[in-house]
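Q: There's a structure below that I have some questions on.
The values are calculated or read from the model by the stated rules, or taken from the named source; none is laboratory data. All figures in this text were calculated on a predicted structure; none of them were measured in a lab. Reconstructed Cβ throughout: ideal geometry from the backbone, glycine too, with neighbour counts over all protein chains shown.
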Amino acid sequence: MTAAVITPSRKGSGFWAAFARNKGAVIGLVFLTLVILMAVFADLLFPTSPWDMTTIPFQPPLSEDALLGSDTLGRDIASGIAHGARVSLLIGLTSTAVAVLIGVLLGAVAGFYGGRVDDAVMRFTELFQTIPNFVLAVVLVAIFTPSLASIVLAIAIVSWPPLARLARGEFMSLRSREFVQAAVTTGQSNLTIIWRQILPNSLSPIIVSASLMVATAILLESSLSFLGLGDPNLMSWGYMVGAARTVIRQAWWMSFFPGIAILLTVLALNLVGEGLNDALNPKLARKGRA
Amino acid sequence: MSNRLRCFRQSLTAAALAAMLAIPGAAMAQERGGTMNIIVQPEPPILVLGINQQGPTQTVAGKIYQGLLTFDFNLKPQPELAESWEVSPDGKVYTFRLVKNAKWHDGKPFTAHDVVFSTSKFLMETHPRARATFSKCEKIEALDDHTVQFTLKEPFGPFLQAFEVSSAPMMPKHIYEGTDFKTAPANATPIGTGPFKFKEWVKGSYIHLVRNDEYWKAGKPYLDDIYFRVIPDAASRSVAVEQGTVQQTQFNDIETFDVPRLKALPNVEMTTKGYEFFAPLSWIEINTRTKPLDDKRFRQAMMHALDRKFIRDKIWFGLGRPATGPVNSVTRFYEGNVRKYDYDPKKAEALLDEMGLKKGADGNRAKVRLLVMPYGETWTRLGEYVKQAMKRVGVDVTLETTDAAGWVNRVSNWDYDLTFNFVYQYGDPALGVSRTYVSDNIRKGVMFSNTMGYANPEVDRLFAQAAQTNKDEERQQLYSAAQKILVEDVPVAWLLEMEFPTFIDKRFKNAVTTAIGVNESYDSVYMVKK
């Protein structure tokens, strides 16, 4: 049992080897890096705003001035995909960060203190879990009017419950370990024990599920934008698909390329998440593969 | 007015007009029989036209109920339940002679007493637009069973326009007198004088109207029955046309992006005629209380910065005409000789420079908000276009989105910089145009009023004077003057004279023959059998 508590030095050395053993994860990581680079250098690749009507509307792919074609107003699809990567990644990462913050905080409190505190926090969590994620997100964005902040908040609010349950489980099992009890007997405060002793040892599964959550967040944002609930001043992939949906029979490329971008990015994130799982939870991973 | 008392009589005979109307169909034999399926969307709440005048209600109930007059494509009055009419030289007394053989669907005769009841009692209670018109009457009386006379307190130019079927549908006195009109049980089974009778309404599915065998025009109607099909999903409506399961769509039934595809179908015909009475005009509404929108040069710059041909061709897929001013060119008293705003970003920049709005480090001179009208995809695309087009001349536009209720709330309470809007013009500037621009219609909390806060005493005077005369030449002069001032001032940035596509199965003839198009009674529509 004590072997489960991996010391930092051993974890660091075996991490890359374990991660690289999963080929899918490496491919995912490479693709994800490309997407991140595209997002970072979007302004250099496509200096004009993705909203600019730079060419003739309805240009098919491989046209002279629009590699992936142009949309109904003559906006460059390729430029939209590059700039849209920013929005998708930004929203995916920040909303996950917020969700992790809420989820781990509540889960830690519930798992560490147990008893009535645990009951109260978990009932509160269940309250959110009984409402369908997407419906709640739509309602929240509609109420707060669509903007970057409201979308991030809405996605975070619907995403934290599973993390809270995960963190609670980890904290409950670690709470009774010898090293925690040792910390208690040496008189460390509850806050120190949570922060210094238990949290570092429960991070692995949280990181894995957070990486998968980024993928879900990107999908949620795309779905919201598809329904016209995105920030109207930001170009995003979901918006592109949603706006082009109406002309799909005349111009397939307008929704196809951003759709592919969403698909591949979400797939890459899932592959990376799996790789992280292999690397960080070696025992679990081996069991899964057998 | 009164010192120039000329004997100015307007009198039209039914016979002459009937002859005119008969020409289009004369070439082909008009056979009895046939069933027409028409889309109705959204489903009307009730079919009693006197109580509800929403678009879909008009289209269905226009077959059941009738008005005294209808209007040709040039908005000239044509006989319907009134076979002829006279206007006194001072423009205050209108006398209508009614057809003598019209009957309600329950067999009772239609008389002048029904007209008096409808206009002085029923509609006064239930119909805001009719109330506004008929409250201008000093008295409304039946001279005999088939003659009715309206005496106005003062002349009112567009008075005849008020007798179109949705503006003043004739309601049966014998059924409604003494009841609470809005809750009367009779509302479930509408009784009119029209060519089609109400048969059955399966909520959420269809409304079935059948031929009125006792119809007062001999031999008409030709069709056996009409089904109005409720299809809430836009994609399904297009498919229904493609598959031929419905034979007609109208107004916004077909989304603009589907129009080019359906237009190419071999079995249907598209027309944009038949909306002259409504003649909607779209514009960017400008809150003239805020800076820099209070400066007319800024508003003129907007007119130059927007390529309205692009908007028509790429956003509305070719439907509509770039607007030149506040009056739709198919409405009466349109004036085309006004200041022209061609698409020219340079002129726009020159105007903005003249105002002293210099470009900052980020290339922007000014920042304004645009509240996008929540009426679907097309308006969203328009918002994106306006943002980019204004960016080109150095104006940063922030788009805001909201739901329908939020939009009405914010615009009517003046909490906006720019927004979109479109309104119907109802065939006369006094009915559908002046309300947007006159200063006594600046009313906080009221939608479709002068929400821009535009006030020009000269415009107020011209509109008021033009409404109070029925001499067409005089009205034209006054309206022309008003239009010239408005186009110079740009209280709103006019975009398009909107057109709606009507798709009709090619086997059905005579559907769109008047300015109210699909809301017409359809008594002369017939089906060509193969």
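Q: Can you find a residue that is out of contact with any helix residue (DSSP H, G or I) (no Cβ under 7 Å at 6 or more places or on another chain), under 24 Å from A:Ala154 (Cβ atoms), of a type in the set (A, V, I, L, M, F, W, C) and surrounded by fewer than 21 Cβ atoms within 10 Å (Cβ to Cβ) anywhere in the range A:71-84?
A: No.
Q: Go through the range A:113-145 and give me each residue that's more than 25 Å from A:Ser189 (Cβ to Cβ), among the small types (Gly, Ala, Ser) and over 22 Å from the mean Cα position of the chain (by Cα).
A: none
Q: Still on this structure: Return the residues of the range A:43-68 that are more than 14 Å from chain B (Cβ to nearest Cβ) and touching a Leu at 6+ places or on another chain (Cβ under 7 Å); say none if nothing qualifies.
A: Of everything in the range A:43-68, just one residue is more than 14 Å from chain B (Cβ to nearest Cβ) and touching a Leu at 6+ places or on another chain (Cβ under 7 Å), namely A:Pro61.
Q: Separate question: Which ones in the range B:361-398 are surrounded by fewer than 19 Cβ atoms within 10 Å (Cβ to Cβ) and of a type in the set (A, V, I, L, M)?
A: B:Ala361
Q: Go through the range B:136-162 and give me each residue that's under 17 Å from B:Ala467 (Cα atoms) and among the hydroxyl-bearing types (Ser, Thr, Tyr).
A: Answer for the range B:136-162, where residues must be under 17 Å from B:Ala467 (Cα atoms) and among the hydroxyl-bearing types (Ser, Thr, Tyr): just B:Thr151.
Q: Hey, among the residues in the range A:184-215 that are of a type in the set (Ser, Thr, Tyr) and touching a helix residue (DSSP H, G or I) at 6+ places or on another chain (Cβ under 7 Å), which one's nearest to A:Ile262 (Cα to Cα)?
A: Only one residue tops the list, namely A:Ser211.
Q: Please specify each residue of the range B:264-297 satisfying the condition of being under 17 Å from B:Val330 (Cβ atoms) and assigned to a strand (DSSP E or B).
A: B:Thr271, B:Leu281, B:Ser282, B:Trp283, listed by residue number.
Q: Still on this model: Kindly provide the set of residues from the range B:253-271 that are more than 14 Å from chain A (Cβ to nearest Cβ) and closer than 23 Å to B:Thr380 by Cβ, ordered by number.
A: Result: B:Asp253, single match.
Q: Residues in the range A:43-70 that are part of a helix (DSSP H, G or I) and buried (at least 16 other Cβ atoms within 10 Å of the Cβ): how many?
A: Adding up the residues that qualify gives 0.
Q: Can you tell me which residues in the range B:78-119 are in contact with a strand residue (DSSP E or B) (Cβ under 7 Å, 6 or more places away or on another chain) and part of a helix (DSSP H, G or I)?
A: If the condition is that a residue be in contact with a strand residue (DSSP E or B) (Cβ under 7 Å, 6 or more places away or on another chain) and part of a helix (DSSP H, G or I), then B:Ala112, B:His113, B:Val115, B:Val116, B:Thr119 are the ones that fit.
Q: Just one of the numbered conditions (1) at pLDDT 90 or above; (2) within 14 Å of chain B (Cβ to nearest Cβ) is not true of A:Leu227; which one?
A: Only one criterion is unmet by A:Leu227, namely (1).
Q: I'm told B:Lys358 meets every condition in (1) surrounded by fewer than 21 Cβ atoms within 10 Å (Cβ to Cβ); (2) in contact with a strand residue (DSSP E or B) (Cβ under 6 Å, 6 or more places away or on another chain); (3) at pLDDT below 95 except one. Can you identify the failing condition by its number?
A: Answer for B:Lys358: the failing condition is (2).
Q: Here's another thing I want to ask about it. Pairs needed: first member in the range A:12-32, within 17 Å of A:Leu203 (Cβ to Cβ); second member anywhere, modelled with pLDDT of 95 or more; C-beta distance under 7 Å; at least 6 residues apart or different chains.
A: none
Q: Go over the candidates B:Arg381, B:Arg321 one by one and state the one that is modelled with pLDDT of 95 or more and more than 15 Å from B:Arg392 (Cβ to Cβ).
A: Selected residue: B:Arg321, the only one of B:Arg381, B:Arg321 that is modelled with pLDDT of 95 or more and more than 15 Å from B:Arg392 (Cβ to Cβ).
Per-residue answers, yes or no, for (1) modelled with pLDDT under 95; (2) part of a loop (DSSP other than H, G, I, E, B):
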{"site": "B:Ile23", "(1), (2)": "yes, no"}
{"site": "B:Arg32", "(1), (2)": "yes, yes"}
{"site": "B:Met36", "(1), (2)": "no, no"}
{"site": "B:Ile39", "(1), (2)": "no, no"}
{"site": "B:Glu43", "(1), (2)": "yes, yes"}
{"site": "B:Val48", "(1), (2)": "no, yes"}
{"site": "B:Gln53", "(1), (2)": "yes, yes"}
{"site": "B:Pro56", "(1), (2)": "yes, no"}
{"site": "B:Val60", "(1), (2)": "no, no"}
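Q: Just to verify a result, which residue in the range A:129-183, among those that are under 30 Å from B:Thr401 (Cα atoms), out of contact with any Ser or Thr (no Cβ under 6 Å at 6 or more places or on another chain) and buried (at least 24 other Cβ atoms within 10 Å of the Cβ), is farthest from the other protein chains (Cβ to nearest Cβ)?
A: A:Trp160
Q: Taking B:Ala464, is it within 14 Å of another protein chain (Cβ to nearest Cβ) and more than 30 Å from B:Met355 (Cβ to Cβ)?
A: no
Q: Run A:Ala97 past the list (1) surrounded by 17 or more Cβ atoms within 10 Å (Cβ to Cβ); (2) modelled with pLDDT of 95 or more and report the number of the one that doesn't hold.
A: Answer for A:Ala97: the failing condition is (1).
Q: Let me ask you something else. Quick check: anything in the range B:252-263 surrounded by 19 or more Cβ atoms within 10 Å (Cβ to Cβ) and over 25 Å from the mean Cα position of the chain (by Cα)?
A: no
Q: Residues that are away from chain B (no Cβ under 14 Å) and modelled with pLDDT of 90 or more: does the range A:277-288 have at least one?
A: No, every residue in the range A:277-288 fails to be away from chain B (no Cβ under 14 Å) and modelled with pLDDT of 90 or more.
Q: Here is a follow-up. Give, as residue ranges, the strands (runs of 3 or more DSSP E) completely inside the range B:120-206 that count at least 3 residues that are farther than 26 Å from B:Ser88 by Cβ.
A: Ranges flagged: B:196-202.
Q: I would also like to ask the following. Only one residue in A:Ser88, A:Ser63 is hydroxyl-bearing (Ser, Thr, Tyr) and free of Cβ contacts under 8 Å to residues at least 12 places away in the same chain, so which one is that?
A: A:Ser63
Q: Would you check if there is a residue in the range B:331-350 being of a type in the set (Lys, Arg), in contact with a strand residue (DSSP E or B) (Cβ under 7 Å, 6 or more places away or on another chain) and either within 14 Å of chain A (Cβ to nearest Cβ) or surrounded by 14 or more Cβ atoms within 10 Å (Cβ to Cβ) (or both)?
A: No: the range B:331-350 contains no residue that is of a type in the set (Lys, Arg), in contact with a strand residue (DSSP E or B) (Cβ under 7 Å, 6 or more places away or on another chain) and either within 14 Å of chain A (Cβ to nearest Cβ) or surrounded by 14 or more Cβ atoms within 10 Å (Cβ to Cβ) (or both).
Q: Still on this structure: Kindly list, by first and then second residue, each pair from a residue in the range B:262-282 that is closer than 14 Å to B:Val433 by Cα to a residue that is among the acidic types (Asp, Glu), limited to pairs with Cβ atoms under 6 Å and residues at least 6 apart or on different chains.
A: B:Leu281/B:Glu497
Q: For the range B:317-325, state whether one or more residues are surrounded by 20 or more Cβ atoms within 10 Å (Cβ to Cβ) and within 14 Å of chain A (Cβ to nearest Cβ).
A: Yes; the residues of the range B:317-325 include at least one that is surrounded by 20 or more Cβ atoms within 10 Å (Cβ to Cβ) and within 14 Å of chain A (Cβ to nearest Cβ).
To keep it simple, each residue is scored yes or no on (1) in a helix (DSSP H, G or I); (2) touching a strand residue (DSSP E or B) at 6+ places or on another chain (Cβ under 9 Å); (3) touching a residue at least 24 places away in the same chain (Cβ under 8 Å).
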site: A:Ala217; (1), (2), (3): yes, no, yes
site: A:Leu220; (1), (2), (3): yes, no, yes
site: A:Val241; (1), (2), (3): yes, no, no
site: A:Gln250; (1), (2), (3): no, no, yes
site: A:Phe256; (1), (2), (3): yes, no, no
site: A:Val272; (1), (2), (3): yes, no, yes
